[in-house]
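As structure tokens, the structure follows; a few thoughts come after it.
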Amino acid sequence: MLFDLLEMLRCGGTHTLKDMARQLDVSELLVQSMIDELVRLGYLKLTAQACAGSCEGCPVAGCCAVGSEGRLWTLTEVGRRALQTQES
Amino acid sequence: MTEQHRDSIRVALAGQPNVGKSTVFNLLTGLSQHVGNWPGKTVEQKAGTCEFDSLTFDVVDLPGTYSLSANSPEELIAREYIIREKPDVVVAIVNAATLERSLYLVAELLALGVPLVIGLNMIDVAEQQGLTIETHVLEAALGVPVVPMVATKGLGLRELLARVQDIACDGAEYQPNEPDIRADHKQVLQLIENLIGSYVPEEYPATWVALKILEGDEQITRLMRPRLPEGTWKEVADIIGQHEDACVAVASGRYSWIARMVRAAVVRPKIGPITLTDRLDRWATHPLWGLVILVAILAVTFALTYALGSPLQELLDRHIVGGLASLATSILGSAPAWLLSLVVDGAIHGVGTVLTFFPILLIFFAVLGILEDVGYMARAAYVMDRFMHLMGLHGKSFLPLFLGFGCNVPAVMGSRVVESPRARLLTILVAPLVPCTARMAVIAFLAPVFFRTPTLISWGLLTLNLSVLVLAGLLLNRVILRGERVAFIMELPLYHLPNWHTIAIGIWQRLMSFVEKAGTIILGVSLVIWGLSQFPGGTLETSWMASLGRRLQPIGSLMGLDWRMMVALLSSFIAKENAVATLGVLFGQTESEASIAVALRAAVTPSAALAFLVMQMLFIPCVATVSAIKQETASWRWPAFAVLFLLVVSLVGGLATYRLAALFGLG
């Protein structure tokens, strides 16, 4: 199940939690749990986490166009290697 | 079936945080509970007793944990207790509303092989959320007793105790349905179990130990290592080494199991959009309609800007700028001519003109702020990324690029989130092509001067910029990146009503930073430009500015632009808004009372104006952006490349526009 999730990231692009939940035929909560697990195991990591909700302290807040609350995750080096291993 | 006569039953209470475990414990043990510490630890231990059906239940409250790994003292305490003390029954409290999370601990508990009873708590919360849990189905699927409960109302406790008694005393039919490890790792698990089986301490279940070793569990590995002969340990280590992703396989098995349980036993209200957010997102994140909506929102933003902003701007221009100019003239009437000129032509016309941007910026920032606060920006970013994906540009780069809509400097700095150095470089080089608010403000100022349909023009210019950005990105991608692919998972937050307070603060902050910029850089540049346009001769025609401009005249004339427009374009290198400030200084120095707009219209044809606007949009980045590029790439090579690249792009764009416009009879 976890590898199915990672597999969806193989071709790149951006996926929403909802898309992934629909494709895996599970609830969004389960996708969220799996993402947290993959982060814990070091296969995924949060990226623009620093941006989420910390506009007050940001020096460029005055001219930033994005202050979105949504979190963003991406594959780590470990995660990428794991996908490659799956390929072979 | 063995029937045992017992006086007491030892029960361990397990569960994740926030499932109501404490409530259950307190209800069961009441005043009998005593608090201490787990032996040798600083973690609190609670234990107590409960009387039911002439039996005593000795209840120990295990620390609340999400799982049973070796990563925290609480988890170690919980699993050590179960393994060593071997309670008669473990009661696992789960939250019916978040079964997907709660069941993870159950999966771990089942692997330990201890008799389990599930307390399915917070049924009321689940119902509120529209979830129905079919308890009997869950029980059949799990193979373990499941007792529905609402601990806060004291419901289900008696049944819980009854089921615990059944399991402990009657040895009731108990066939738990354990999670399996992922198929491709089953053999590996068996191998390890065969290797270590005879060396596992008595109280530990061998399969569980093998599983933990495969997972890379530190405590178990440390436990087993000295007990294994060197050769065996080496074999085990080899197997682990060959299967780096074993921990994922183990966890994966648990999640597949959880998915099966949830699918079987949880009934959701409806398939498809159930919340307003879902309904809106069907359109907002649609591959086609999402883009259409985004484009429409941008169009509306521009339309609003011109409907409200331009008239206000004109008013400000006439009354504030004009008024200040007259005021200054009357106050400084007796002062030397150059001082008067400095103040009026330099400062007031230069900075003043830029300050008339206020209404336009106010509207931009207001719309941007509302869209952000409502939660739409995340959808816009998602749509843009998918669109870029279709064009062959994708990945992490879109986020910093999106920042560029406010200002290119954070877009360049924001490229730090891109790991791969090549992708980061590509992002940085392409960032100046994202139209920033300063550039949009220049368009907002100039478009209505020359065109009857400024909304269409602005919108067209924006589209042009984004197209050039995509093309440049494709080109550079081919050259620099060779098509590297990066993937994202994105969370779309719920839509919610705008918080006007937050939005107002945001707008205020952005306006103030604009005013600060105007008061310092733009004022400075305006005065410099003024100076360059006065000296050495005292008139515009004989100034340094003019001679510089005349040198650029040949290029400008290809597009119908006179030297003043070229100088304005150059000055946008300092800050994009300066284009307007410079035009204000250079065109405001006419003898007549005519405003700058009239003077501009007299000097520039519409097609030349269009060429100017295109050049303005694609021109070299402002000095702040260039220094950001230098900082982020740690060399002068890339900022130089960026400047050269964009110089060429903007010249080509300007020329092409002029020719095409003339072709279409723009005049």
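The values are calculated or read from the model by the stated rules, or taken from the named source; none is laboratory data. Quantities reported herein were computed from a predicted structural model and do not represent experimental measurements. For neighbour counting, all protein chains shown are included, and Cβ atoms are generated from backbone atoms with ideal geometry for every residue, glycine included.
In the stretch B:46-69, what count of residues is obtained for those that are buried (at least 18 other Cβ atoms within 10 Å of the Cβ) and assigned to a loop (DSSP other than H, G, I, E, B)? Count: 8.
So which residues in the stretch B:101-123 are part of a loop (DSSP other than H, G, I, E, B) and either under 15 Å from B:CYS169 (Cα atoms) or over 34 Å from the mean Cα position of the chain (by Cα) (or both), if there are any at all? Step through it out loud before you land on a result.
Residues of the stretch B:101-123 that are part of a loop (DSSP other than H, G, I, E, B), as a first pass: B:112-115, B:122.
Residues satisfying the conditions are B:LEU112, B:GLY113, B:VAL114, B:PRO115.
If you take the residues of the stretch B:23-68 that are touching a His at 6+ places or on another chain (Cβ under 8 Å) and of a type in the set (Gly, Ala, Ser), which of them is farthest from B:VAL250 (Cα to Cα)? Spell out how you get there, then give the answer.
Here is the first cut: in the stretch B:23-68, the residues touching a His at 6+ places or on another chain (Cβ under 8 Å) are B:46-48.
When the remaining residues are screened for being of a type in the set (Gly, Ala, Ser), the result is B:47-48.
Working: B:ALA47: 33, B:GLY48: 35 Å.
Step by step, filter the stretch B:23-68, then rank; the result is B:GLY48.
Among B:THR98, B:THR152, which is the only one that is surrounded by fewer than 18 Cβ atoms within 10 Å (Cβ to Cβ), part of a helix (DSSP H, G or I) and outside the structural domain of B:ALA251 (by TED's automatic domain parsing)?
Working: B:THR98 fails: surrounded by fewer than 18 Cβ atoms within 10 Å (Cβ to Cβ).
Just one listed residue meets the conditions, B:THR152.
From the list B:ILE503, B:ILE507, the one residue that fits, being touching a Phe, Trp or Tyr at 6+ places or on another chain (Cβ under 8 Å), at pLDDT 80 or above, assigned to a helix (DSSP H, G or I) and of a type in the set (Val, Ile, Thr), is B:ILE507.
Which members of the stretch B:608-667 meet the condition of being among the polar types (S, T, N, Q) and modelled with pLDDT under 80? Selection gives B:SER627, B:GLN631.
Of the residues making up the stretch B:1-21, those that are modelled with pLDDT of 90 or more and outside any strand (DSSP E or B) are B:GLN16, B:LYS21. Restricting attention to the stretch B:596-607, and to residues there that are touching a helix residue (DSSP H, G or I) at 6+ places or on another chain (Cβ under 8 Å) and in a helix (DSSP H, G or I), which single residue is farthest from B:GLN313 (Cα to Cα)? This residue is B:SER607.
Would you confirm whether any residue within the stretch B:210-231 is over 15 Å from B:ARG79 (Cα atoms), surrounded by 14 or more Cβ atoms within 10 Å (Cβ to Cβ), without any contact (Cβ under 8 Å) to a residue 40 or more places away in the chain and in contact with a Phe, Trp or Tyr (Cβ under 9 Å, 6 or more places away or on another chain)? Yes, some residue in the stretch B:210-231 is over 15 Å from B:ARG79 (Cα atoms), surrounded by 14 or more Cβ atoms within 10 Å (Cβ to Cβ), without any contact (Cβ under 8 Å) to a residue 40 or more places away in the chain and in contact with a Phe, Trp or Tyr (Cβ under 9 Å, 6 or more places away or on another chain). Filter the stretch A:21-36 for residues that are at the interface with chain B (Cβ under 7 Å from one of its Cβ atoms), among the hydrophobic types (A, V, I, L, M, F, W, C) and either buried (at least 20 other Cβ atoms within 10 Å of the Cβ) or touching a Pro at 6+ places or on another chain (Cβ under 7 Å) (or both) and give the result. Listed by number, the residues that qualify are A:VAL26, A:LEU30, A:MET34, A:ILE35.
Looking at B:VAL106, B:VAL89, which one is among the β-branched types (Val, Ile, Thr), within 30 Å of B:ILE133 (Cα to Cα), touching a Pro at 6+ places or on another chain (Cβ under 6 Å) and touching a residue at least 24 places away in the same chain (Cβ under 8 Å)? Walk me through how you get there before you give the answer.
Details: B:VAL106 fails: touching a Pro at 6+ places or on another chain (Cβ under 6 Å).
Result: B:VAL89 is the single residue among B:VAL106, B:VAL89 that is among the β-branched types (Val, Ile, Thr), within 30 Å of B:ILE133 (Cα to Cα), touching a Pro at 6+ places or on another chain (Cβ under 6 Å) and touching a residue at least 24 places away in the same chain (Cβ under 8 Å).
Just one of the listed residues (B:ALA634, B:ALA599, B:ALA640) is on the phi > 0 side of the Ramachandran plot, surrounded by fewer than 23 Cβ atoms within 10 Å (Cβ to Cβ) and either in contact with a His (Cβ under 9 Å, 6 or more places away or on another chain) or free of Cβ contacts under 8 Å to residues at least 60 places away in the same chain (or both), namely B:ALA634. Residues in the stretch A:5-16 that are buried (at least 21 other Cβ atoms within 10 Å of the Cβ), of a type in the set (A, V, I, L, M, F, W, C) and without any contact (Cβ under 8 Å) to a residue 40 or more places away in the chain: A:LEU5 alone. Looking at the structure I just gave you, is B:VAL250 within 10 Å of chain A (Cβ to nearest Cβ) and of a type outside the set (Asp, Glu)? For B:VAL250, the condition - within 10 Å of chain A (Cβ to nearest Cβ) and of a type outside the set (Asp, Glu) - is met.
For the stretch B:608-667, which positions are among the β-branched types (Val, Ile, Thr) and part of a helix (DSSP H, G or I)? Steps first, please.
Filtering the stretch B:608-667 for residues among the β-branched types (Val, Ile, Thr) gives B:614, B:620, B:623, B:625-626, B:629, B:633, B:643, B:648-649, B:652, B:657.
Those that are among the β-branched types (Val, Ile, Thr) and part of a helix (DSSP H, G or I): B:VAL614, B:VAL623, B:THR625, B:VAL626, B:ILE629, B:THR633, B:VAL643, B:VAL648, B:VAL649, B:VAL652, B:THR657.
The rows are residues; the columns are (1) more than 26 Å from A:ALA82 (Cβ to Cβ); (2) among the charged types (D, E, K, R); (3) touching a Gly at 6+ places or on another chain (Cβ under 8 Å).
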{"position": "B:TYR199", "(1), (2), (3)": "yes, no, no"}
{"position": "B:GLU202", "(1), (2), (3)": "yes, yes, no"}
{"position": "B:ALA206", "(1), (2), (3)": "yes, no, yes"}
{"position": "B:LEU214", "(1), (2), (3)": "no, no, no"}
{"position": "B:ASP217", "(1), (2), (3)": "no, yes, no"}
{"position": "B:LEU223", "(1), (2), (3)": "yes, no, no"}
{"position": "B:GLU230", "(1), (2), (3)": "yes, yes, no"}
{"position": "B:VAL236", "(1), (2), (3)": "no, no, no"}
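In the stretch B:207-283, which helices (runs of 4 or more DSSP H) lie fully inside it and hold 3 or more residues that are more than 18 Å from B:TYR104 (Cβ to Cβ) and either out of contact with any Ser or Thr (no Cβ under 7 Å at 6 or more places or on another chain) or of a type in the set (A, V, I, L, M) (or both)?
Working: elements: B:218-224, B:230-242, B:246-265.
In the stretch B:207-283, the matching helices (runs of 4 or more DSSP H) lie at B:218-224, B:230-242.
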